[in-house]
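Everything below concerns the one structure shown next.
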Amino acid sequence: MEDPPTAAPRGGLFRFSLLALLIFTAVNAATCSLLFASPGWVRFCSIMIFAFAFSTVWVAAMVYGRGYLRTFAIGALCSAAAGTLFAAFFLAYMSLGLMTSNYPSSWDSWAEEFEHLKFEPALATLIFFGLNIFTGLLGVTTRWLIESSRRL
């Protein structure tokens, strides 16, 4: 006797549980509060941690990932490396400020010195993370186009 056919599960790629959406919202709210509503030194520490952590994640995905995940990690690492270098140079600049009086020694004094640039570090950080995703997707798209042209 044959089993009756079962209905295919409805939904698709963008079907999430309520718990997953709640966790996603909480993480985004905590990140935005760190980047936009906190004092300057907290934002500075958060940006440095995010910049170095993202590079570490992409390197781990590049080493241990396979297929399109590895391609995405390589593409994202290209822009993450630039952001991490900027963060490292800025960290060295801030460290020099602690040792000498010629450089600003805190985030707030640095921001006051360059206030005419209208530089918002939180917005720059979000652009940096968006650029990581964009370059990763660009790498995946490039690989897909090369593989599809080989099949022809």
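You can think of it this way: the chain between Ala29 and Tyr93 has 20.0 nm of extra reach, that is 0.36 nm per residue less the Cα-Cα gap.
Applying 1/(1 + (r/R0)^6) with r as the Cβ-Cβ distance of Phe86 and Ala20 and R0 = 30 angstrom yields a FRET efficiency of 0.35.
Computed from the coordinates by the stated procedures, all read-outs in this text should not be read as laboratory data. Note that the coordinates shown come from a computational prediction; the quantities given were computed from them, not determined experimentally. Virtual Cβ from ideal backbone geometry, glycine too; neighbours counted across all protein chains shown.
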